[in-house]
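What follows is a short report on a single structure.
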Amino acid sequence: YLVWQQCQQDNTAIIVLEDDAVLLSNFFNFLQESNTLAQKYNFLWLHKNLRSEKSTVIEKTNHFNIAKFYREFMCTTGYLITPNAAKQFLDYFDEILYPVDDQMSRFYENKIENLSLIPPCIADAGLESIITKEGRQKTKLNISAKIKREFYSTKDRLHRVWHNIKFWINHQ
């Protein structure tokens, strides 16, 4: 949140990397293209989408493809963010309902398009996380909670599909 505020205040694009990000051999190529990319795209994920590989290439650069992904990203290992996207996130995060990385990836709500580099230029170091291990233990849900979960999951899925349809109609 503070990095987004700084990005907006300084009016300059920022590359955000988590402490467990591993720079891949093509990261220097990304740095060379980052200013040009920031002029065209408000936000780019720099790591692989672990939820889905389904994407469509919308542009080719010297070293990368810029791809539109249809599913949310997991984790926030790294991204390029511009002042415009920072402002959108700051406004969107007025109310925090989900873990930050989950809420950031809800492109169909925050209106920050789900674009990424292919191939990725960073990776997760694969360090063990207490979030995954302890924070996501399965609990038994009663029938009411299961129905609510399925309702909201279906609602999100429909919202995501509708967003993706509108994206392609507007970019044809």
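The values are calculated or read from the model by the stated rules, or taken from the named source; none is laboratory data. Please read all numbers here as calculations on a predicted model, not as lab measurements. Neighbour counts run over all protein chains shown; Cβ positions are idealised from the backbone, glycine included. Remember, those area values only see protein heavy atoms, side chains included, never the ligands or the DNA or RNA. Shrake-Rupley method; radii C 1.70, N 1.55, O 1.52, S 1.80 Å.
What order, most packed first, do the peptides 146-156, 76-86, 33-43 have when packing is the mean number of other Cβ atoms within 10 Å of each residue?
Top to bottom by mean Cβ count within 10 Å: 76-86, 33-43, 146-156.
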Requested in this report: Could you tell me which helices of the chain pass both thresholds, a Cα extent of 30 Å or more along their own axis and a mean Kyte-Doolittle hydropathy of at least 0.0, with helices taken as whole DSSP H runs?
Outcome: none
Query raised in the report: Given charges of +1 on the Cβ of Lys and Arg and -1 on the Cβ of Asp and Glu, with all other atoms neutral, how large is the dipole of the range 1-78 about its Cα centre, in debye to the nearest 20?
Result: 400 debye
Query raised in the report: Taking a 1.4 Å probe, which of ASP94, ASP124 shows the most accessible area, and what order do the others take after it?
Result: ASP94, ASP124
Requested in this report: Calculate one ³J(HN,Hα) per residue across the range 49-54 by plugging θ = phi - 60° into the Karplus curve 6.51 cos²θ - 1.76 cosθ + 1.60, and present them in order as whole Hz with x for glycine and proline.
Outcome: 7, 7, 7, 6, 9, 5
Report summary line: Once the mean of 1/r over all distinct C-alpha pairs in the chain is inverted, the Kirkwood radius in Å reads 17.3 Å
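From the C-alpha coordinates alone, can you work out the Kirkwood hydrodynamic radius of the range 4-66, in Å?
By the Kirkwood definition, the hydrodynamic radius is 13.5 Å.
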